[in-house]
Amino acid sequence: MTSPSDTLQQYELIAQITNRMVNQARTNQWSEVLELSHSYIQAVEHLKQINQLSDSERLARRSLLTRILEDDAEIRQLVQPELKRLGHLLGGIKRQKTVVQAYCAPSLNA
């Protein structure tokens, strides 16, 4: 059985992970962000198995949740240009593939 302080410790761990994620996102270290996201998912899954909080602990949790949500919002904002860039790259690759197929396809008249 876990104590409520274990719950707050888990929230603190999640807040630390999201803070590291946002710091990595600020420097375009996307592979590190992805790696940290796995730790984030595990921490959240573990949190789901922990007991409820007392009223005073809920107040402490509120500030942790605010930090987590602010970091999440910043990560999403930072990743948007990268997703747009990747979308353009994929679109270019698709166009190149279409051109290659058009010019390199076997002739139907041959």
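The values are calculated or read from the model by the stated rules, or taken from the named source; none is laboratory data. A quick note: this is a predicted structure, and the numbers were derived from the prediction, not measured. Every residue, glycine among them, receives a Cβ derived from its backbone with ideal geometry; neighbour counts consider all protein chains shown. When the accessible area is computed, the model is the full protein with side chains, heavy atoms only, and any ligands, DNA or RNA have been set aside. Shrake-Rupley method; radii C 1.70, N 1.55, O 1.52, S 1.80 Å.
Here Glu57 clears all of (1) in a helix (DSSP H, G or I); (2) open to solvent by 40 Å² or more (accessible area, probe 1.4 Å) except the condition numbered (2). Just to be sure, is Ile68 part of a loop (DSSP other than H, G, I, E, B), touching a Ser or Thr at 6+ places or on another chain (Cβ under 9 Å) and open to solvent by less than 50 Å² (accessible area, probe 1.4 Å)? Here the answer is no, as Ile68 does not meet what is asked. Val22 meets each of the listed conditions (1) in contact with a helix residue (DSSP H, G or I) (Cβ under 9 Å, 6 or more places away or on another chain); (2) free of Cβ contacts under 8 Å to residues at least 12 places away in the same chain apart from (2). Scanning segment 25-50 for residues that are open to solvent by 60 Å² or more (accessible area, probe 1.4 Å) and either part of a helix (DSSP H, G or I) or under 14 Å from Tyr11 (Cα atoms) (or both) yields a count of 13.
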